[in-house]
Amino acid sequence: MATSSSLTRRQWLPLIGLSAAAFVFNTSEFMPIGLLLDIGQSFALTESQTGIMISVYAWAVMLLSMPLMVLSSRFEFKKLLLGVIGLFTLGQFLSTIAPNFPFLIAARLVVATSHAIFWSIATIIAARLVDPKHQPIALSLIATGSSIAMIAGLPLGRMLGLAMGWRMTFASVGLISAAILLYLCLVMPKHEATERFTFRQLPSLLKNPILVSLYIVIAFIATGYYTGYSYIEPFMAQIANMSPSLITTSLTIFGLAGLAGSIIFSKVYDLNRFRFIAITLTGVMISLLSLQICASSFTAIIAICIIWGMCSTAFNVAFQSELIRYTNPSASAVAMSIYSGLFNLGIGTGTAIGGQVTDKLSVANVGYAGGIITAIGVAVAISALFCAIRHRETQTSTP
């Protein structure tokens, strides 16, 4: 496998900028999870009522990803990327000044609009910046930015929010995104748009069995994942009886494990792609199902965070790699937007399910609920995704 040292400076600079953008986008999406109690107290809301903000954001991304990407397919990728980051920055500052909860949700919807396009093009741009043999490295850098958001972004956002108020967290993300916008203006090369994608071409994507399998699996996995993860802060506080500082430490370790997962992906994924996906999906399922069982032990909770964080990042970047591998370049951005939309369907639905479990039963049960849903996704992956990929490769190898 090629090493990262063979990448040129002209490739490294924009990849670093994209990784930084992935950091702020994921920080923005996930930081309400670490500030759920604080935001709720500001507007006199319960955890499940505040969690609606996460669901609305995710469902907006789901609904907007594919239509916005189809409409945007005519634009040159650099201009599109810069416009998206500019809109994202505006949404952060609007969130900072939100006088009430409906205004905050509206501001988050501005951010969701930019999010819908960013994650449809980020991995595509990263893959195009390098030659095919370096694509695992490029994609792992994007995953690294996402992981660092959990290592530093989410915990630091939480600490800043607890110390100075959650509004300062949104303001800080806005300032960082403005700096990244300026940086990418200087270092990102132009990427001419491919042939414009139209809604008439959508049926051709849905005839691809690998894409359909990926889409079904990611909907289940994301739903199960966020059924548990969206309520990890109240779970750790109320069920594991952890102090605020220990919760922050645990979330930081979770993010460090995600970074390790992205590194492992770049090193070993191409050696056995099918086994890699199976192991990482199973790791997420086991982590969720073990959450309540391990709640009485801080050491066990840390072990869960390591397995969960590492496997979740690894499987997500692996799925995106498969999508790029088996999609026509002219349709890859739209195919990725559908993937992003379904992932966010899972985030919103999982958060809503977790809220219902919290209200009707107890936050202690969110891991079991998420684990069961994830188990369905794992079963579908093994029976459908692997068969579809093997069938495609058999056809390719046939003379």
Env charge @ LEU162, Cβ radius under 14 Å, K,R +1 / D,E -1, value 0
Take every Cα pair under 8 Å in the chain that's 6+ residues apart, average their separations, divide by the length, and report that relative contact order as a whole percent. 28 percent
Please identify the helices of the chain, taking whole runs of DSSP H, that span at least 18 Å along their own axis as judged from the Cα atoms and have a mean Kyte-Doolittle score of 1.6 or higher. 166-187, 366-380
What whole number of Å gives the distance from the Cα centroid of segment 64-120 to the Cα centroid of segment 274-288? 32 Å
Anchor LYS79: lysines whose Cα lies under 24 Å away (excluding residues fewer than 8 positions away in-chain): LYS190
For segment 33-136, what is the convex hull volume of the alpha-carbon atoms per residue, in Å³? 115 Å³
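Rg to Rh for segment 310-379: what is it, with Cα atoms only and Rh by Kirkwood? Provide the component values of the computation, followed by the final result.
Working: Rg = 15.2 Å, Rh = 13.9 Å.
Dividing the radius of gyration by the Kirkwood radius yields 1.09.
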Most mobile of LEU156, LEU186, LEU251 in a GNM of the chain (Cα contacts under 10 Å): LEU186
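Computing the accessible area with a 1.4 Å probe over protein heavy atoms, can you report the carbon and sulfur percentage for the chain? Could the numbers behind the result be given before it?
On the way: 10430 of 15270 Å².
The nonpolar share, carbon plus sulfur, comes to 68 percent.
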Let me know the shape class of segment 260-308, please: from the alpha-carbon gyration tensor, a ≥ b ≥ c as square roots of the eigenvalues, rounded when a/c is under 1.5, otherwise prolate if a/b is greater than b/c, or oblate. oblate
Tell me the label-point distance for the pair ASN328, LEU361, using the 7 Å Cα-to-Cβ offset, in nm and rounded to one decimal. 4.5 nm
Within the chain, which is the longest segment containing none of the trypsin sites (Lys or Arg not before Pro) that sit in a DSSP loop and have at most 10 other Cβ atoms within 10 Å? 208-399
In terms of the Cα gyration tensor, with a ≥ b ≥ c the square roots of its eigenvalues, is segment 159-311 rounded because a/c is under 1.5, prolate because a/b exceeds b/c, or oblate? oblate
Give me the net charge of SER95's neighbourhood, meaning all other residues with Cβ under 10 Å from the Cβ of SER95; Lys, Arg count +1, Asp, Glu -1. +2
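For THR249 and THR8, compute 0.36 nm times the residue count separating them, minus their Cα-Cα distance, and round to one decimal in nm. Don't jump to the answer; show the numbers that get you there.
Values: separation 241, 0.36 × 241 = 86.76 nm, distance 3.62 nm.
In short, 83.1 nm is gained.
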Which lysines have a Cα less than 21 Å from the Cα of LYS267, not counting those fewer than 8 places away in the same chain? LYS133
Under 1.5 on a/c is rounded, so check that first for segment 1-69, then, if it is not, pick prolate when a/b is larger than b/c and oblate when it is not; a ≥ b ≥ c are the square roots of the alpha carbon gyration tensor eigenvalues. prolate
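The values are calculated or read from the model by the stated rules, or taken from the named source; none is laboratory data. Just so it is clear, the structure is predicted and the values come from calculations on it, not from any experiment. Note: ideal-geometry Cβ built from the backbone for every residue, glycine included; neighbour counts use all protein chains shown. Calculation scope for accessible area: heavy atoms of the full protein, side chains included, ligands and nucleic acids excluded. Shrake-Rupley method; radii C 1.70, N 1.55, O 1.52, S 1.80 Å.
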